[in-house]
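Chemist: A single structure is presented below for examination.
The values are calculated or read from the model by the stated rules, or taken from the named source; none is laboratory data. What you see is a predicted model, and the numbers here were worked out from it, not measured in a lab. In this analysis, Cβ positions are derived from the backbone assuming ideal geometry, glycine residues included, and neighbour counts consider all displayed protein chains. We work out accessible area using only protein heavy atoms, side chains counted, and drop any ligands, DNA or RNA first. Shrake-Rupley method; radii C 1.70, N 1.55, O 1.52, S 1.80 Å.
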Amino acid sequence: MPSRQFTERILNFVQAEGYEPRKLSELAEAMGIAEDEAGDFHSACRALMRSGRIVLGTRNAVLLGEPPGRIVGRFRGNPRGFGFVVPDTPNAYGDLFVPPNATGGAITGDTVSARVFKRGKREGRMVYEGQITSIVKRGQNRFVGELSQNMGKWFVVPEGNALHAPIQVGDPGAKGARTGDQVVVELTEYPSAWSQARGVIVRVLGPRGEPGVETTSIIEQYQLPGEFPEDVLKEARQRVTSYDESNVKRNHADREDLSGETIITIDPEDARDFDDAISLKRHDNGTFELGVHIADVAAFVPEDGPLDLEARERSNSVYLPDLVIPMLPEVLSNGVCSLQERRPRLTKSAFISYDAKGKVRGARFANSIIRSVKRLTYEQAGRVLEGKPGRLSAKVVTLIRDMEALARILQARRRRQGMLEIDMPEAEIVYDENRNAVDVRAADTGYSHKIIEMFMVEANEAVARKLREIGVPCLRRIHEEPEDLTGGNLQRLLRVLGHELTDDADRFALQALIDSVRGKDEAFAVNLATLRSMPQAEYSPELAGHYALASENYCHFTSPIRRYPDLTVHRLLDAHLRGGLRTKAEKSAAPSEEELKRLGRQCSENERRAEAAERELILVLTLKMLEKKIGESFGGVVTGVANIGVFVQLDHYFVDGLLRFDALPDDWWEVDAPSGAVIGERTGRQITVGDRLKVTVDRVHVPTRRLDLALAEELPAPKGGKRTKKIGKSGARRDRSGGSKRGRAGRSEKPGRRAKKKSNGKDSRSRKRKK
């Protein structure tokens, strides 16, 4: 039974007159929850607790949640004056709307306190709005923008969407800034209802448009890490000096020696840090033993030293289109911790045994030494799969082909388990020889990527199983189940596009839906809405599972060079391999759940900051290209409608532009939000989400990230109605006439690699650049 029905049953039971608060187990018994329904029941309870609709009171008894009269949260402003407060603690009404006259001078990113008021009912539910009463903490006081002069006064127009009004600055001559320069300004006075923001220029980045200026601007805007402190670099150099490549086997005699095995790495062409390598034994009876060998970063980064503290503070490497900001100094990440070809390297190895159907038969782990026989790119591996091995050795070619065979078996097994894959295009910036951004292309998604993704998922899951088996808390990667697949924006959009998830829809039905639109105009809109319907993946010690992977217990183990959570997992595994974590005292010395919760929040926040910075820089560079394309026409797909126009994503550039109503043919255009369309009252013509249009680039304003479009051709004649295809449990599709067609289930969301456009059910990990 899907979670939505459990959600309704739980709420109806708790809201019923005469209900007496009881523990979860007692509630399940009172509701008559069967043993095979327990998992769905607990998932629904977790979702209701996250939303604040039920709470745990005294003795962990379940109570009906009540909206508080005041909340504290992060403010997110809108250029039109209103905003939302995203509460620190989830509540019954979600993000709180704040009207323009009630923002109290808050700007995007501020932590605020707000009073909550009832606005009345809509569609049978109470609607709330807020008034900000105090600013608890400012989110930032430095902004990046372009220096300009108007009426004898100097202003900085802030980039992005944190601050929507110009900042007045004094004489910029002290810093040598000129009109058109990108500068960093520090606020001395925040904006209010009666005064504008004021500040001083603290750094000049250079003229807008020069190579590297946009990247530096984003680094400043998101306050990304800079150079490593000297004590960190000193320790890193010491660790490198102490590693003697010529005597690795003698100095590390306690490690399993795999240096004679056929082991390879597969990475992007421009990769420099290779943190995972693969070996594979294929037996005559159809069984396999997969070896996943991960750079043993823990051997070079002792806990609580300068290196470790800096890596913990950074939490992750940041991957911008033309720059990597590493979590560890490059003398480590690109040196002794990188599994370079034919160099002896320290690794942690996971050996996983499978039967012919890809079912795990067992797993073992070891501290090891490897020597990669070949460093391959994804393109090289892809050519082998196409039957074009080039000059690669027979052993390497056989290994790659066996890897493909196992990956397809594992993929089929995980699909049967309900793993999801959300197909989102990924933009990749193309540079010329002078490092100028000149084009955008779709990132490669060949099957060689899928092979590595499948193996990384398997290794991550195997390590999580082992740590749970020995009873030690660890920092897991969790992705909780959506509260309601068949309600809200996803279902409304699907109806617009002629699809509908039935009330009994499950994960298999969701994957069948994704498969059914693959290659069609509405595919992007459906995949984007599906992605947005899911909670974001995060780091937590909670055993909450990973919904998109259909995994009950999952952690990150395979990228300790670029992710701090992986490093914490390596240390726990290392302690186990060396005979520790057996007694109660040894386990108590490991990080506690409370410590892991705090670390998980920090790592999750820093990960999102890095992803947001990457997305915004790609957008900025793309808009800079489109500044030179004013008047040119492109094909695109309608992705959304609003009260000011429709949004169209350009096919080639993967960026949304706004087609305003005043750019449409002369008519009275009505917005029909439930149907996802705008309709001309006089002509009856309409534009609907999923429609293809040819549009012209009309105006680009990079500081506000704005792209305005115009129609390049006439709108088509009025349309007839669409027949809705219903997709229900286990992927069965039903049309209005009652026919049924079996859909396909499951493709992976691409996790375990560096996050791109989320993922992955907001953790939907796409192409690996730095794994």
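Chemist: Based on the alpha-carbon gyration tensor of region 369-424 and its eigenvalue square roots a ≥ b ≥ c, which shape applies: rounded if a/c is under 1.5, prolate if not and a/b is larger than b/c, or oblate?
Modeler: Values: a/c = 2.22, a/b = 1.88, b/c = 1.18.
In terms of gyration-tensor shape, prolate.
Chemist: Moving to a separate point now. Return the whole-Å distance between the Cα centroid of region 351-420 and the Cα centroid of region 443-465.
Modeler: 9 Å
Chemist: Related question: In whole Hz, with x marking every Gly and Pro, tabulate ³J(HN,Hα) for region 357-362 from phi via Karplus 6.51 cos²θ - 1.76 cosθ + 1.60, θ = phi - 60°.
Modeler: 9, x, 7, 5, 9, x
Chemist: Once phi is turned into θ = phi - 60°, what whole-Hz ³J(HN,Hα) does the Karplus curve with 6.51, -1.76 and 1.60 give for every residue of region 135-140, x standing for Gly and Pro?
Modeler: Going residue by residue, I get 9, 6, 7, 6, x, 7 Hz, with x marking Gly and Pro.
Chemist: With N set to the number of residues, divide the alpha-carbon radius of gyration of region 234-332 by 2.2 N^0.38 Å and report two decimals. Don't skip to the answer; put the middle values down first.
Modeler: Numbers: Rg = 16.8 Å, N = 99, 2.2 N^0.38 = 12.6 Å.
Scaled against compact globular proteins, the figure is 1.33.
Chemist: Separate question: Which far-off residues, 5 or more places away or on another chain, put their amide H under 5 Å from the one on D267, with H placed in the peptide plane?
Modeler: Here L376, T377, Y378 satisfy the definition.
Chemist: Still on this structure: Would you grab the residues whose amide H sits under 5 Å from the one on V440? Only those 5+ places off in sequence or on another chain, please, with H modelled 1.01 Å from N.
Modeler: V430
Chemist: Something else now. Provide the solvent-accessible area of Y447, counting protein heavy atoms only and rolling a 1.4 Å probe, rounded to the nearest 10 Å².
Modeler: 50 Å²
Chemist: For the pairs K249/K348; K520/K624; K281/K357; K23/K597; K249/K587; K348/K466, note any where the Cα-Cα span goes beyond 22 Å.
Modeler: Details: K249/K348 15 Å; K520/K624 29 Å; K281/K357 15 Å; K23/K597 24 Å; K249/K587 31 Å; K348/K466 14 Å.
Beyond 22 Å between Cα atoms: K520/K624; K23/K597; K249/K587.
Chemist: For the chain, give me the percentage of DSSP beta bridges that are antiparallel, rounded to the nearest 5 percent. Kindly include the intermediate steps, with their values, before the conclusion.
Modeler: Values: 125 of 141 bridges.
Of all bridge pairs located within the chain, approximately 90 percent are antiparallel.
Chemist: With the convex hull built on the Cα atoms of region 592-708, state its orientation-averaged projected area in nm². Please report the intermediate quantities before stating the final value.
Modeler: Details: hull surface 39.0 nm².
With every direction weighted equally, the projected area is 9.7 nm².
Chemist: Under 5 Å between amide H atoms, partner at least 5 residues away or on a different chain: which partners does G206 have, H built in plane at 1.01 Å?
Modeler: Sorted by chain and number, the residues that satisfy this are Q182.
Chemist: Across the Cα atoms of region 357-460, what radius of gyration and what greatest pairwise Cα-Cα distance (Dmax) are found, in Å?
Modeler: 17.1, 53
Chemist: On to the next question. Which FRET efficiency, nearest 0.05, do D504 and N643 yield, Cβ-Cβ r, R0 35 Å? Each step should come with its number before you reach the end.
Modeler: Values: r = 35 Å, r/R0 = 0.99.
The formula returns an efficiency of 0.50 here.
Chemist: Let me ask you something else. Restrict the search to region 112-153; then list the GluC sites (Glu not before Pro) that DSSP places in a loop and that have at most 16 other Cβ atoms within 10 Å of their Cβ. Intermediate values should be presented prior to the final figure.
Modeler: Details: sites: E123, E129, E146; in loops: E123.
Hits after loop and neighbour filter: E123.
Chemist: Based on the Cα atoms of region 556-659, what semi-axes does the equivalent ellipsoid have, where each is the square root of 5 times one gyration tensor eigenvalue, given in whole Å with the largest first? Provide the component values of the computation, followed by the final result.
Modeler: Working: eigenvalues 479, 44, 23 Å².
Each semi-axis is the square root of five times an eigenvalue, giving 49, 15, 11 Å.
Chemist: Rounded if a/c is under 1.5, else prolate if a/b is larger than b/c, else oblate: which is the chain, with a ≥ b ≥ c the root eigenvalues of its Cα gyration tensor? Each step should come with its number before you reach the end.
Modeler: Details: a/c = 1.38, a/b = 1.18, b/c = 1.17.
Rounded.
Chemist: A further question on this structure: Is it possible to state the helix-based mean residue ellipticity at 222 nm for the chain, with each DSSP H run of 4+ residues giving -39500 (n - 2.57), the sum divided by total residues, to the nearest 500 deg cm²/dmol? What is it?
Modeler: Details: 16 runs with 207 residues, N = 771.
Counting only the DSSP helices, I get -8500 deg cm²/dmol.
Chemist: Rank-order 622-633, 163-174 by packing density, defined as the average count of other C-beta atoms within 10 Å over each peptide's residues, highest first.
Modeler: Details: 622-633: 15.2, 163-174: 16.8.
Highest mean packing first, the order is 163-174, 622-633.
Chemist: What full-extension length gain, to one decimal in nm, is calculated for A405 and L309 as 0.36 nm per residue of separation minus the Cα-Cα distance? Each step should come with its number before you reach the end.
Modeler: Values: separation 96, 0.36 × 96 = 34.56 nm, distance 4.18 nm.
Contour length minus the Cα-Cα distance gives 30.4 nm.
Chemist: If you don't mind, another one. How do the peptides 430-436, 77-83 rank, highest first, by the average count of neighbouring beta carbon atoms within 10 Å per residue?
Modeler: Details: 430-436: 11.0, 77-83: 15.3.
Highest mean packing first, the order is 77-83, 430-436.
Chemist: Compute the Cα gyration tensor for region 425-492, then decide on rounded, prolate or oblate, letting a ≥ b ≥ c be the square roots of its eigenvalues: rounded whenever a/c is under 1.5, prolate when a/b is larger than b/c in the other cases, and oblate in all that remain. Let's see the in-between values first.
Modeler: Working: a/c = 2.76, a/b = 1.47, b/c = 1.89.
Taking the square roots of the gyration eigenvalues as a ≥ b ≥ c, region 425-492 is oblate.
Chemist: Among 326-333, 378-385, how do they line up by average Cβ neighbours within 10 Å per residue, starting with the highest? Walk me through the intermediate numbers first.
Modeler: Working: 326-333: 23.0, 378-385: 19.0.
Sorting 326-333, 378-385 by mean packing, highest first, produces 326-333, 378-385.
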